[in-house]
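A quick write-up on the structure given underneath.
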Amino acid sequence: MAPGSKAERKAALDAGAWMFNVVTSVGIIMVNKALMATHGFSFATTLTGLHFAMTTLMTLVMKWLGYIQPSYLPLPELVKFAFFANLSIVGMNVSLMWNSVGFYQIAKLCIIPVLCILEIIFDKVRYSRDTKLSIVLVLVGVAVCTVTDVSVNSQGLLAAVIAVWSTALQQHYVHHLQWKYSLGSFNLLGHTAPAQAASLLVLGPFVDFWLTNKRVDAFNYTSIVTFFIVLSCIIAVGTNLSQFICIGRFTAVSFQVLGHMKTVLVLTLGFLFFGKEGLNFHVALGMLLAVIGMIWYGNASSKPGGKERQVYSTPSEKTQKHGVLSSQSELDQKV
């Protein structure tokens, strides 16, 4: 295959992966907003456990059909990943409960600088000036259009710090495990989804009772609520898979930076479907800055020297690793 056609194919696959993630992520946010805000189902941790249970079912079917080949992930690595991932979910929910919405949004924005630190320390990544400035512009734009009231207390600050670092570690770990053990997105999900489903379904009802003072088993499950729960779980399969595909194809930092396009889309759809009272000049300005920053980041990071990883392995090791990863990622590319 000619170099030009290879580059075009990679660009098309990259765009497809991002579109897959954006569509599923925005879709699940809108469905969950209807489920929780309209129908009062406030058990977010338990719902996430159901999401991973549906994802586990999907991976079992894919294994049965022969689309997922046997792979290996050491138990200590699996336990470590599940710990960070579940701590991220609980930490974000607790942070939202203990902090104002404004400080919660600021905490979410801090995930990008933390991921940059992790990539610099562990992956030996170096960023150009334009790449750094584009990240700053994205952060400023998203902050302008999402951050309103900002108040914080000691326990809320602690919850935010735990949520930010656990989320950053979990997303960095996705990329690390895929490369270290030559795991495709389906393979990694096949290992991690069952562990997260089991742990969250056991702990979720207790965490949700602590957060909401309501019991998940006492909720009135009408047909429409059940429909939204099932729909949320189905969309979550695509969301979980697309997250692993995107982080595997790119990096956790790129996933977070360009992922803020979802924030802009959610705000836009919210104004269209749930009322326009929150739409004003500074929100529109923030959305515009964020979009410009994302375009700038995509251009700056793709240039030579924009974002480079210092590799110390020998050429033969690189070739062997690339061959294994290519074979493992064929199914991801088909998706």
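In the chain, which helices (entire DSSP H runs) extend 18 Å or more along their own long axis, judged by Cα positions, while averaging at least -0.5 on the Kyte-Doolittle scale?
On the way: long enough: 3-33 (45 Å, 0.29); 44-65 (32 Å, 1.03); 75-98 (33 Å, 1.22); 129-146 (26 Å, 1.48); 154-180 (38 Å, 0.23); 185-212 (35 Å, 0.90); 223-249 (39 Å, 1.71); 252-274 (31 Å, 1.61); 281-302 (32 Å, 1.32); 315-328 (20 Å, -1.33).
What comes out of the filter, once short or polar helices are dropped, is 3-33, 44-65, 75-98, 129-146, 154-180, 185-212, 223-249, 252-274, 281-302.
Cβ neighbours within 10 Å, averaged per peptide: list 180-187, 288-295 in order, most packed at the top. Working shown, then result.
On the way: 180-187: 21.8, 288-295: 18.8.
Averaged packing, sorted descending, gives the order 180-187, 288-295.
Computed about the Cα centre, the dipole magnitude for segment 16-310 is approximately 480 debye when only Lys and Arg (+1) and Asp and Glu (-1) carry charge, each at its Cβ.
Average accessible surface for segment 37-180: 47 Å² per residue, computed with a 1.4 Å probe over protein heavy atoms with every protein chain in place. Over every Cα atom in segment 177-300, the radius of gyration and the widest Cα-Cα span, Dmax, amount to 18.9, 52 Å. Residue pairs exceeding 23 angstrom between C-alpha atoms, taken from K10/K307; K33/K262; K63/K262; K33/K63; K6/K303: K63/K262; K33/K63. In whole percents, the pair-distance distribution calculated for segment 1-89 from its alpha-carbon pairs, binned every 10 Å from zero, is 12, 25, 36, 20, 5, 1. In terms of overall dimensions, the chain has a Cα radius of gyration and Dmax of 20.1, 61 angstrom.
Sorted from greatest to least, the principal axis extents spanned by the alpha carbons of segment 65-132 come out as 46, 37, 26 Å. Spatially, segment 205-240 and segment 1-51 are offset by 19 Å when compared through their Cα centroids.
Between S134, S223, S42, find the one with the highest GNM mean-square fluctuation for the chain; connect C-alpha pairs within less than 10 Å. The residue that fluctuates most here is S223. Only DSSP H runs of four or more residues enter the estimate; each adds -39500 (n - 2.57), and after division by the residues of the chain the mean residue ellipticity at 222 nm equals -27000 deg cm²/dmol.
The values are calculated or read from the model by the stated rules, or taken from the named source; none is laboratory data. In this text, all values refer to a predicted model and were calculated from it rather than measured experimentally. Here the Cβ is made from the backbone with ideal geometry for all residues, glycine too, and neighbour counts use every protein chain on show. Side chains are part of the model used for accessible areas, which takes the heavy atoms of the whole protein and leaves out ligands, DNA and RNA. Shrake-Rupley method; radii C 1.70, N 1.55, O 1.52, S 1.80 Å.
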